[in-house]
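The block underneath contains the structure these notes are about, expressed in structure tokens.
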Number of protein chains: 2
Amino acid sequence: MGKTVHEQVLDSAAILFAEDGYAGVSFQRIAAASGVEYSEIGRLFGSEDKIYEELLESLFSQYSLRMSAVLEGSDLPVVKVESFARALCAFHKDVPNFFPLYYRELLKPSPFFESIVLKNIRHVAYQSDNNIARGIQKGTFRYGINPANATLLLAGMFHYFFLASRIAKSLLPESINDEDFITQALDLYLNGLQKSE
Amino acid sequence: MGKTVHEQVLDSAAILFAEDGYAGVSFQRIAAASGVEYSEIGRLFGSEDKIYEELLESLFSQYSLRMSAVLEGSDLPVVKVESFARALCAFHKDVPNFFPLYYRELLKPSPFFESIVLKNIRHVAYQSDNNIARGIQKGTFRYGINPANATLLLAGMFHYFFLASRIAKSLLPESINDEDFITQALDLYLNGLQKSE
């Protein structure tokens, strides 16, 4: 089955909004990029705002679902940290417009920041915090670590890497590759987080 | 001594470009924000591009100078990692427009990306890589760590924290504060990087 006109519009809009942000994209540009008539887009969505809102909601709920899937359940805290990092990296690859949109929201929040961005990011962070806290309780992770700090560190390590490696490729030396980076980052992070024997 | 008209224009432009990026700011807006006449700005700078270029050059060379100051010299590798992280955080505070502009360049490079952004970021990263490599040679840091990965991790940890804490304050739980975060981040990072006894 091919894409619906609705999906076609959202796909094109995702690329444009990732490039130019919430306020930088008009119906005209979305029409030109998607090959869908201007009037048809108006009929389907009503306004640029509605397209942006629907897109943001779709990307952030995908993010939240994918991350929650690995943070819920009964795996050991160390395993969940690894799965979370790998899921984050897979999501960066599969949904390349998510992170540019997220960063643009952090740099200049749209009217949907609270209801969509904040809600979903907090939900995931809360689950990760709980996982770190459980690791401290179990004696796997060091006592005294603030779980919120540990979550923020983990996210930052990978977000910046993907921002640098996907978008600004020339920033990084050639010696860096994905699998190496992820493995070393996790290794360093877990080594730092775990109690020494 | 008060600011020169030149400085006044650059200060106002910094805020506007940090908010709306390279392509989003006109002479008109800079004139309105700085209180300097439109025609005077034209005479001083010639074009919006020139203002942006001068601003970027000034912020990125400040960054490079401040980071190099702590990465050069004869301190031990561990001390340099700490000083580098603290200098990075101090720079975030002192020059709040630097990081939004840097992130905007990563998201959508301007014509000055290579000549200004890349040149300075690479210079600092190179010095940090050397410091990590020296720590491995000395037996302080674990053998097998790729210095470029370690630098990228360190930068990412702090960049994302400041993006989240300065710009999107509501993203973070109240339990997070600067000094705690920096201390725990450095502790976790150095604990992860160092050889176990």
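Derivation of every value follows stated rules applied to the coordinates shown; laboratory data play no part. None of these values were measured; they are calculated from a predicted model. Cβ atoms come from the backbone with ideal geometry, glycine included; neighbour counts cover every protein chain shown.
The mean count of C-beta atoms from other chains within 10 Å of the C-beta of residues in A:106-115, rounded to a whole number, is 4. Counting only other chain Cβ atoms within 10 Å of each residue's Cβ, the peptide B:178-184 averages 3. Note on B:S34, B:S26: ascending count of other Cβ atoms within 10 Å places them as B:S26, B:S34, the fewest first. Normalised Debye scattering of the protein assembly as shown at q = 0.14 Å⁻¹ gives log10 I(q)/I(0) of -1.29, counting only Cα atoms as equal scatterers and leaving out solvent. Once chain A is represented by equal point scatterers at the alpha-carbon sites, with solvent omitted, what log10 I(q)/I(0) does the Debye formula produce at q = 0.14 Å⁻¹? Result of the Debye calculation: -0.86. Placing a label point 7 Å from Cα along the Cα-to-Cβ axis, A:K93 is separated from the same position in the other copies by 4.0 nm, shortest listed first.
Entry note, chain A: relative contact order of 20 percent, from Cα contacts under 8 Å with a spacing of 6+ residues. The lysines within cross-link reach of B:K119, meaning a Cα-to-Cα straight distance under 20 Å and a gap of 8 or more places when in the same chain, are A:K169, B:K50, B:K108.
Across identical copies of the chain, B:K119 has label-point separations of 4.7 nm, listed in ascending order, with the point defined 7 angstrom from Cα along Cα→Cβ.
Taking a Cβ cut-off of under 10 Å around B:R142, the surrounding Lys, Arg, Asp and Glu residues balance to a net charge of 0, with basic ones at +1 and acidic ones at -1.
Helical runs assigned H by DSSP (4 residues or longer) give chain A a calculated mean residue ellipticity at 222 nm of -22500 deg cm²/dmol, each run adding -39500 (n - 2.57) before division by the residue total. Relative to the other identical copies, B:Y38 shows label-point distances of 2.7 nm, where the label point lies 7 Å from Cα along the Cβ direction and values run shortest first.
Could you grab the relative contact order for region A:40-103? Cα pairs under 8 Å, six or more apart, rounded to a whole percent.
31
Counting Lys and Arg as +1 and Asp and Glu as -1 over every other residue whose Cβ lies under 12 Å from the Cβ of A:D20, the net charge comes to +2. Taking only complete DSSP H runs, can you tell me which helices of chain B stretch 20 Å or more along their own long axis by Cα positions and average at least 1.0 on the Kyte-Doolittle scale? For chain B, where a helix must reach 20 Å along its axis and average at least 1.0, the hits are B:147-162. With a 10 Å cut-off around each Cβ of B:154-165, the average count of Cβ atoms from other chains is 6. What the Cβ-Cβ distance of B:Y126 and B:R86 gives, at R0 = 25 Å and to the nearest 0.05, is a FRET efficiency of 0.80. Counting charges near A:K108 (Lys, Arg +1; Asp, Glu -1) among other residues having Cβ under 12 Å from its Cβ returns a value of -2. Taking the fewest neighbouring Cβ atoms within 10 Å as the starting point, the ordered list for A:K108, A:K3, B:K119 is A:K3, B:K119, A:K108.
Here the extension length gained between B:T183 and B:A33 equals 50.2 nm, from 0.36 nm per residue of separation less the Cα-Cα distance.
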